[in-house]
């Protein structure tokens with residue numbers, strides 16, 4: 001099979017409207033050698049098209065992808081994932097969270113992950129508060145899907161020697 005294979009992915013929408021995990025085919029050694037798992041990205045957004053698009057882009061880039069449709073599912077995904085996420089894209093407005101509380105909880109549950117807050121409702125005050133709460137970057141919606149892969153690469157490169165996220169000025 002030629003590389004990169006087309007990611008095999010799916011999003012299942014439950015009766016409640018919540019999305020379940022998405023799985024993407026990734027090349028095992030695409031980011032760090034044989035036997036090492038690729039970096040994992042958690043995408044948290046209640047818009048299925050956004051989740052699907054980001055999963056496609058990231059899966060094609062060789063990243064493992066997990067998708068959650070709300071804050072509770074994201075927290076559950078962090079707790080139950082085989083590998084803790086390295087990068088988390090978090091929509092600010094979700095069915096069960098419409099402020100920065102989810103960012104604070106996710107930062108406590110995944111302290112080594114770089115969290116990117118996505119919002120269509122940004123302001124300088126929101127950016128400052130998101131940074132204070134530990135966001136590595138803030139992306140204004142809508143954004144170009146072509147910007148997602150390079151941002152993940154930059155965030156992974158900005159990690160400290162112990163794997164923790166160093167302070168960045170990516171936003």
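Here are the numbers for the structure shown:
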{"read-out": "Residues in the range 132-152 that a label on residue 121 would reach, taking backbone N under 15 Å of a point 7 Å out along Cα→Cβ", "value": "140-142"}
{"read-out": "Of all DSSP beta bridges in the range 40-157, antiparallel share, percent nearest 5", "value": "5 percent"}
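Every number here is computed from the coordinates shown, using simple stated rules; none is lab data. Since we're looking at a predicted model, the values are computed, not measured. Glycine gets a Cβ as well: all are built from the backbone with ideal geometry, and neighbour counts include every protein chain shown.
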